[in-house]
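Presented below is the structure to which this report refers.
Every number here is computed from the coordinates shown, using simple stated rules; none is lab data. Bear in mind that the values here come from a model prediction, so they are computed numbers and not experimental data. A quick note on method: Cβ atoms are made from the backbone with ideal geometry, for glycine too, and the neighbour counts reach across all protein chains shown.
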Amino acid sequence: MMSRIINHIARDVECDMEPLGLTNAQWVPLLKLHLGCGSTVAELARESDLDAGSMTRLLDRLEAKQLCRRVRSVDDRRVVHIELTPAGTAAADQIPAVLSRVQNAYLAGFSLEEWRTLQNLLGRMLNTALTLRESKDTHDN
């Protein structure tokens, strides 16, 4: 059921992102950059739950659309930072409104109490998932 809901939401978000020229895969790192949740390929990959190779290819596409650029660090030439261009900032500014619009549409008819209960239950599921992942990572190492 969760997978079906996520797929429906993803389709609607992607449809609403189309005027911005962004796919579901592309808006995530763009928003992460905008929110300061990462500035390198590795950080953005970690924050977006992608491997570094996939993130590099994704950033290549965003760079081709002139939404971001790579800038070599002046402190450490091995480090390359990813920055939004003015066009990337303008696109990223619009993402939260799209996400809110889609989320609100899916929550229509929910009372405030039901919404808070849903948040609580999903938060508990996420915490369990993170605990299970940490446990698995500990056993794998």
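Assorted remarks:
- Using a Gaussian network model of the chain in which every pair of alpha carbons under 10 angstrom is joined by a spring, one finds that among Asn127, Asn104, Asn24 the greatest mean-square fluctuation is at Asn127.
- Residue with peak Gaussian network fluctuation, the chain [Cα springs, cutoff 10 Å], from Met55, Met125, Met17: Met125
- Within a Gaussian network of the chain (alpha carbon springs, distance under 10 Å), most fluctuating of Asp60, Asp12, Asp76: Asp76
- Each peptide among 27-35, 3-11 gets the average number of other Cβ atoms lying within 10 Å of its residues, and from highest to lowest they stand as 27-35, 3-11.
- Residue order for Arg133, Arg46, fewest other beta carbons within 10 angstrom first, comes to Arg133, Arg46.
- Net length available on complete extension from Ile9 to Leu130 is 41.3 nm, with 0.36 nm assigned per residue and the Cα-Cα distance removed.
- Rounded to 0.05, the FRET efficiency of the Arg70 and Asn104 pair, given R0 = 25 Å and the Cβ-Cβ distance, is 0.10.
- The simple spin-label model puts a point 7 Å past each Cα toward its Cβ; for Arg116 and Met2 those points are separated by 2.3 nm.
- FRET efficiency, 1/(1 + (r/R0)^6) with R0 25 Å, evaluated for Ala42 and Asp140 via beta carbons: 0.80
- Residue-averaged 222 nm ellipticity for the chain, from DSSP H runs of 4+ at -39500 (n - 2.57), nearest 500: -23500 deg cm²/dmol
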